[in-house]
Structure formats: C-alpha cells, structure tokens
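Working notes for the structure below.
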Amino acid sequence: QVQLVESGGGLVQPGGSLRLSCAASESIFSIDSVGWYRQAPGKQRELVASITRGGRTNYADSAKGRFAISRDNAKNTVYLQMNSLKPEDTAVYYCNAERYLRVYWGQGTQVAVSS
C-alpha cells in the first residue's frame, strides 16, 4: 500500500506562488503515475497535473503555463509548483498515486488564494 503525505498549502495573495509536496512511502519508480487533484467547495474533484513513471506530464487547461509538476526520485517526492495563483485556484489539493490498477490518495492540503 502506498502512503502519500501532502504539505505546502496555505494562504497566498492573488499572483503569488506556492509549492506543494507529495511524499510517497515507496519509490516513485514503483508507481505508475502520480497526480495532483483539487476539490473546491461544492465542486467535483478534478485533475490538475500528473506525471508518469517515464516522466510524461499532463496538465489541466487551467494549470498550463502556471503550474509545473516535478519529482525528486531520491526523496520519493512529487512537487507541484503553482505560480500566478488566482482566487479560483482555492481548493483542497490531493496527491494521487496509481499502481497496479490501484489508486491511493493523500489526506489533502488546503490552498486559499485571497487578498
């Protein structure tokens, strides 16, 4: 079972930046893909960005040009660098891992963008 722990959320002003971290309990190379999802109040959870074992990345249209997903293999950690944040980016951000057709979720970290 893969355990995921997110960190890095907080309150930031519009236009600001945050970097979220997702620490996995096992080697990133044992995981098929790691993704960042978010869920705003009253809305469905949606994919923000993902990265596969091979390094292929995928972004939601709302994240393209502003967010970047990356990983540190030595630390078994996947990052989400978020720049030019907008109030509509406010949500709980969850880390997701898929391995052998099983899905694992972290507990989430709150991101609030407000002046």
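The values are calculated or read from the model by the stated rules, or taken from the named source; none is laboratory data. Bear in mind that the values here come from a model prediction, so they are computed numbers and not experimental data. Note that each Cβ is placed from the backbone with ideal geometry, even for glycine, and that neighbours are counted across all protein chains shown. Surface areas here come from the heavy atoms of the whole protein model, side chains and all, with no ligands, DNA or RNA. Shrake-Rupley method; radii C 1.70, N 1.55, O 1.52, S 1.80 Å.
Couple of notes before you dig in:
- When residues of the range 70-91 are limited to those that are under 10 Å from the mean Cα position of the chain (by Cα) and not hydroxyl-bearing (Ser, Thr, Tyr), the one farthest from residue 32 (Cα to Cα): 82
- The set of residues in the range 1-11 that are at pLDDT 95 or above and open to solvent by 20 Å² or more (accessible area, probe 1.4 Å) comprises 3, 5, 7, 8, 9, 10, 11.
- Checked against (1) in contact with a Ser or Thr (Cβ under 9 Å, 6 or more places away or on another chain); (2) modelled with pLDDT of 95 or more; (3) of a type in the set (D, E, K, R); (4) surrounded by 13 or more Cβ atoms within 10 Å (Cβ to Cβ), residue 99 passes all but condition (2).
- Selected residue (only one of 38, 19 is assigned to a strand (DSSP E or B), under 10 Å from the mean Cα position of the chain (by Cα), exposed (fewer than 15 other Cβ atoms within 10 Å of the Cβ) and touching a residue at least 40 places away in the same chain (Cβ under 8 Å)): 19
- When the range 70-96 is filtered for residues that are touching a helix residue (DSSP H, G or I) at 6+ places or on another chain (Cβ under 7 Å) and loosely packed, with under 14 Cβ neighbours inside 10 Å, only 73 remains.
- Output for the range 51-69, where each listed residue is within 13 Å of the chain's Cα centre (by Cα) and either among the aromatic types (Phe, Trp, Tyr) or open to solvent by 50 Å² or more (accessible area, probe 1.4 Å) (or both): 57, 58, 59, 67
- Meets criteria (over 11 Å from the mean Cα position of the chain (by Cα) and open to solvent by 60 Å² or more (accessible area, probe 1.4 Å)) for residue 32: no
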